[in-house]
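Q: Structure incoming, see below.
The values are calculated or read from the model by the stated rules, or taken from the named source; none is laboratory data. These numbers come from a predicted model, not from an experiment. Cβ sites come from the backbone with ideal geometry, for glycine too, and all protein chains shown count toward neighbours.
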C-alpha cells in the first residue's frame, strides 16, 4: 500500500471516528461501536476503491448507515454510505421517504452529496450525471387562484430553490417574491404582451432544464386543470428530463370558499363537472354531449367562457337546461377586487359583453347552488375588500402591517420607497473591537436595519451575540427589539408607548440613573444626514437629536453608521400598473421620508393620468409628525391624508379601514 494511500486512509478514518466520538460522548456506547465498524468499512472501500460484497454490508444495518451519514464530513464516504444504504435496505424507496428537516450547509460538493441522499433514487438524474455535471429538474407548480396565502408550502419550497421561473399571466406576480434568486420570465399576459405559443414554452422549458437548471413552470390554479400541462410533460419525458408536478387550488373550486357558493349541496347537487368553454384553435370544435351536460345532476363550472358565452349558454338551453337556472359569474376569485354577478342562464351572454368589463380570469357556476352565494359571501363583507394598499417598507417575513391588511381583505403591494445598503463589515471593525473591549456600557438601535447591519458585520468577522456580554441594549420600539431577539439578544430598554426619539431618550436616561456606570453609549444609526428614529423601517427624528438628548442627560455618546438609506427613483412596475388601472387606493407612511418619497413618485404619475382616471390616493400616516411633514406639499385633489390615533400598527390599520369605508360610502351615494 502506497504512502499516499495510507495518508488518505488515515485522514478519512479520522473524520469518521471524530464523528462517531460525538455519539459516544452523548452516551451511545454500543451504537458507536457498530458505527465504528460501518465507518471504517466505508472508509477502506472508498479510499482503496474496493467494493465490499453485499454479504459484508448487510449486517451494518440501515439506521447505522443513516447515522453515519449524519456524522460524516467526507463527501466520498457520504456517497459510498448511500450506496451501502441502498444495498442493505429492504425498501427501495427508503431514501425517498427519509426526509429529515435540516439545513444543508458547507461546500457545494457536500450539498450535492446530501441532496443525492434525500432525492428519490428513481430520479437520480435530477442530481448529477455520470460525468459529474449537475442536471436540472422541472417543477410544474400550481400558483392557485390569486391570493398569495393560498400557495402550497411545497410550491414555496420549489420557488425558493429555483434558478428560473416561467410564469403565465394568471399567476399573481407577488408570488415571485419567493423566487428572490431566480430569473423570472413571463410567457404571456393578457393585455400587456403576446401570449407565447405552447411549443415555444415547451422548448424553453426543455432547454433550461437540460442545461442543468431548476425550472419552476408557474401556472395559475392547478397544473392538472385546463393548463396544457400534458404537452409540457410530454416534452420533458421525450427529452428524458426529471420533473415534479405540484398541485394548486383551481379557481373553479376556490369559488366554493371565496364566493360563498358550495359546489355540492345535499339538497341541490351531488356532483361537480369542470368544463372548458374554449376549444382548440387548431382543430374543429369538439362536440360536447350537450344533453348530458344539460341533465347533469349537479353543478357545472365553466372555465374560459367569456368570449363564447353566447354559444355555450344557447347550447345548454337548446339541450333542455332551464333558462331560469341560477348562475354566478365570478371574476378574479380570491383577489381583493373579486367580482360576483348573480343572474339567470339566459342572462349570462349579456352580462359578459365587452361593455361589462368582465374580462378574464372568470369562472361561471351554473346550478341551483349558484343562488346561495349572496347569503354566504363572506369575502365581499371584509372591511378592506377591493382596497389596494402599498406598504412602503421593504417586504419582511411575517410583517405585521401587511398581514393585518390582508386579513381584512386588502390587496397588499410590498415594496419600500427607501432602499437599504448595509455598511461593509470591514468598515465596522473598529467599533466591533471597541464593543468587545468594553468601551461602551450600552448600545442603542434606532431601527431594525441598524440591528441587521451591525450583527451581519459581527458575524462576518467570526463573532456572535456573546460580544455584547456586559453591555446593555436599547431599541427604539418593539419591532426593532423583535429583530434583535432574532439574533439571540434581548433588549434591556424599549420605550413603552412613545416609540420615537423622545421616548428613547427618556427611557435610556431613566435606565442609566438606576444603574451605576452606565454612561457610555453607542448609537447605531443610518448614514444619511436626516436619519430619524422610529419603530418602523425608518426613523422619525434626526439621529443627532437623539445624541444631543442623551448627552443633555449626562451620558457620553458616539454614533456608528451601520447602513444607508436612499430613495427609489421609480415606482415598481406592479404597483405602477395597479395605480394606473385604479386598483391602488392607499399608501402607508411610517416615516416622514417614506411619505415624501411616495408623494413625489405618485404625484409625478398622477399628472400623466387622463382626468377621467384620476382618483385621490389616501396616505395613511403613522404619526402627526408625518402628516405635518407632507400636508403642505400635496395637492388636496390628488391626496387625502389620514393619521393613526396612536403610533402603533393596529391604529394605522384602523385609520385605513375607516378611510376605505368612507370612500365606499361616497361612491355609493
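Q: Answer with yes or no whether residue 482 is surrounded by fewer than 19 Cβ atoms within 10 Å (Cβ to Cβ) and under 24 Å from residue 527 (Cβ atoms).
A: yes
Q: Return the only residue of 588, 597, 574, 627 being in contact (Cβ under 8 Å) with a residue 40 or more places away in the chain and more than 25 Å from the chain's Cα centre (by Cα).
A: Going through 588, 597, 574, 627 in turn, the sole match is 597.
Q: Tell me which residues, restricted to the stretch 496-515, are under 12 Å from residue 446 (Cβ atoms) and modelled with pLDDT of 80 or more.
A: 504, 505, 508
Q: Consider residue 306 against the criteria (1) under 21 Å from residue 171 (Cβ atoms); (2) under 31 Å from the mean Cα position of the chain (by Cα): it satisfies all of them except one. Which criterion is unmet?
A: Result: residue 306 passes all but (2).
Q: Looking only at the stretch 280-293, which residues are surrounded by fewer than 18 Cβ atoms within 10 Å (Cβ to Cβ) and modelled with pLDDT of 90 or more?
A: Answer for the stretch 280-293, where residues must be surrounded by fewer than 18 Cβ atoms within 10 Å (Cβ to Cβ) and modelled with pLDDT of 90 or more: 290, 291, 292.
Q: If you take the residues in the stretch 344-361 that are in contact (Cβ under 8 Å) with a residue 12 or more places away in the chain, in contact with a helix residue (DSSP H, G or I) (Cβ under 9 Å, 6 or more places away or on another chain) and not in a helix (DSSP H, G or I), which one is surrounded by the most Cβ atoms within 10 Å (Cβ to Cβ)?
A: Ranking the qualifying residues of the stretch 344-361, first place goes to 352.
Q: Could you check the stretch 373-431 for strands (runs of 3 or more DSSP E) lying wholly inside it with 1 or more residues that are farther than 25 Å from residue 447 by Cβ?
A: 388-391, 411-414
Q: Hey, could you check the stretch 430-441 for residues that are crowded, with 18+ Cβ neighbours inside 10 Å and at pLDDT 90 or above and say which is nearest to residue 507 (Cα to Cα)?
A: Residue satisfying both the conditions and the ranking: 440.
Q: Within the stretch 156-175, work out how many residues are in contact with a helix residue (DSSP H, G or I) (Cβ under 8 Å, 6 or more places away or on another chain) and crowded, with 21+ Cβ neighbours inside 10 Å.
A: Adding up the residues that qualify gives 7.
Q: Any idea which of 587, 523 is at pLDDT 90 or above, touching a helix residue (DSSP H, G or I) at 6+ places or on another chain (Cβ under 9 Å), assigned by TED's automatic domain parsing to the domain that holds residue 468 and not in a helix (DSSP H, G or I)?
A: Selected residue: 523, the only one of 587, 523 that is at pLDDT 90 or above, touching a helix residue (DSSP H, G or I) at 6+ places or on another chain (Cβ under 9 Å), assigned by TED's automatic domain parsing to the domain that holds residue 468 and not in a helix (DSSP H, G or I).
Q: Another question, then. Would you check which residues across the stretch 305-343 are assigned to a helix (DSSP H, G or I) and in contact with a strand residue (DSSP E or B) (Cβ under 9 Å, 6 or more places away or on another chain) and list them?
A: Those that are assigned to a helix (DSSP H, G or I) and in contact with a strand residue (DSSP E or B) (Cβ under 9 Å, 6 or more places away or on another chain): 309, 312, 313, 316.
Q: Test of understanding: among 440, 468, 487, which residue is within 26 Å of the chain's Cα centre (by Cα), farther than 23 Å from residue 594 by Cβ and either in contact (Cβ under 8 Å) with a residue 40 or more places away in the chain or not assigned by TED's automatic domain parsing to the domain that holds residue 174 (or both)?
A: 487
Q: Just name the residue that is modelled with the lowest pLDDT out of those in the stretch 546-578 that are closer than 30 Å to residue 172 by Cβ, touching a strand residue (DSSP E or B) at 6+ places or on another chain (Cβ under 8 Å) and crowded, with 19+ Cβ neighbours inside 10 Å.
A: Here the residue is 565.
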